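The structure appears right after this line, and notes come after that.
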Amino acid sequence: MARASADAHRARWQATVDDLPALVCTCDHTLGITYVSPTCARVLGWPSDTEHLAQPPEPWLAHDGFFWLDAAMALSHDELPLPRALRENRAVNDITVVHRCPNGKERLIAWDAAPMTNVEGDLLGAVAFGRDVTEERRQREREACLAAVARAAAGMSDPAGEVGRASRVLTALVQHARTPITAACLYLLDTETDMLRRVGAFGTDASGTHAPAIPLTRQHPWWDLLIAGPAYSTHDRARPRWLRAIDPEIWRATSIRAWATVPLRTGDTLIGALSIGLSVPHEWNAPERAWVEACADAVIMGIETDTLFATERQRSQELEAALYDAISTSAPSGSTGGDQPDQGA
C-alpha cells in the first residue's frame, strides 16, 4: 500500500511538472539524470526517453551538452546548478548557463536548483527549474549595441572621412553584438567607376565568417538582387540568391551559417551595402531584422554626416582662399603686408 501510494504521488507530481512551462530536470546523488520535462527536452533538444536516462550521466555532461558554460562566466563544473546544489546541500538561484542544442543553436537558460532529501534527511538528488532568457538577454544586448552604434555615428568628423566613421560604427556593432558573434562587411559605391567595392570587414577573426570581395557593377547579374532590399537567411547554411553562382560545396566549406544583407540608400540614391554573417544558425525574427536595419541606418547617418562635414570644410577652404586673394589684390603694390624695421635705427 505504501509503495502504491508513493507511485501514485510520483505520477501526480510528474503529470503536474510535465505541464509546467518551466524547464525541469532531476538527478540522483551521483548526478545521474532521472527526469527531464517535455518542455525542457523540446527547448534544449534533450532526449527524454527512459532508455537514455538509464545510462550514466557522463555522456550527458561530456557529449550531449547537458550544460554548456558561457566562457565569460568561467564557471567550473562544480559551480553548475545541479552539482552545486548537491555539493552545498542547499538551494541555489539564478545561475545562467549557455546551452548548445544538438542543431548548433545556443540558448541562455537561468536555472534554480535545490537538493531533494527523504524524511530522514538523506540526500537523494537534486531538482533544477530553468527558464529560457535568450530573447530577454538578446533584447538587452540589441539595445546596448544600438546605443554604441549611435554614439559611433555621431560626433565630429573622422580624419579618414566617411569610411572612417562607417568603420567606427561597424566596429561598435560587432563588439556589442555578442550573441551570436557577428561579422560585418561594408560595401560603398565608387561614384567614379559606378561600382560597389568592399571597403572594410569587421569581426571576421572572432566569428570566422567572411563575405566576398567581388566588386559589382550595375551590369552584373547579382546587382539587382543585392540592392532589391533587406534579405535574411531562412535556414542553416542557406546561400543568398545573389551568391547562387558559387559552388554549393565551396559555400558549405565556409563558416557562414546565417547572413543578412541591407542596401544603404540616402533617399533614392544607392551609396553602398551592409553584409552581416554569423557562424551559428540563427532565426531572424522581427526584432532582429529591425535591429540590423537600424544599424544600417546608423551607418548611413554616419556617412551623410561626414559628407556634410566634408562639404562645409571645402566651402570654408574656398572662402579662405577667396578672402586671401581679395586681400592680396587690394594691397598696395610692393607692400609686404607688414611693418618694416627702420634701417636707420
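Each reported figure results from applying straightforward, stated rules to the coordinates on display, with no laboratory input. Keep in mind that this is a model prediction, so the values were computed, not measured. Cβ sites come from the backbone with ideal geometry, for glycine too, and all protein chains shown count toward neighbours.
General observations
- Spin-label pair ARG151-ASN103: with each label point 7 Å from Cα along the Cα-Cβ axis, the two points sit 3.6 nm from one another.
- Restricting region 186-269 to trypsin sites (Lys or Arg not before Pro) that sit in a DSSP loop and have at most 16 other Cβ atoms within 10 Å of their own Cβ leaves ARG218, ARG237, ARG244.
- Stretched out straight at 0.36 nm per residue, the stretch from TRP223 to GLU88 would grow longer than its current Cα-Cα span by 42.4 nm.
- Full extension of the chain between ASN118 and ARG3 yields a length gain of 39.9 nm, computed as 0.36 nm times the residue separation minus the alpha carbon distance.
- Sites ARG140 and LEU319 - FRET efficiency at Förster radius 35 Å, r taken between beta-carbons, to 0.05: 0.15
- Annotation: amide H of CYS101 within the under-5 Å range of GLU106, ARG107, sequence separation 5 or more or interchain, hydrogens built in the peptide plane.
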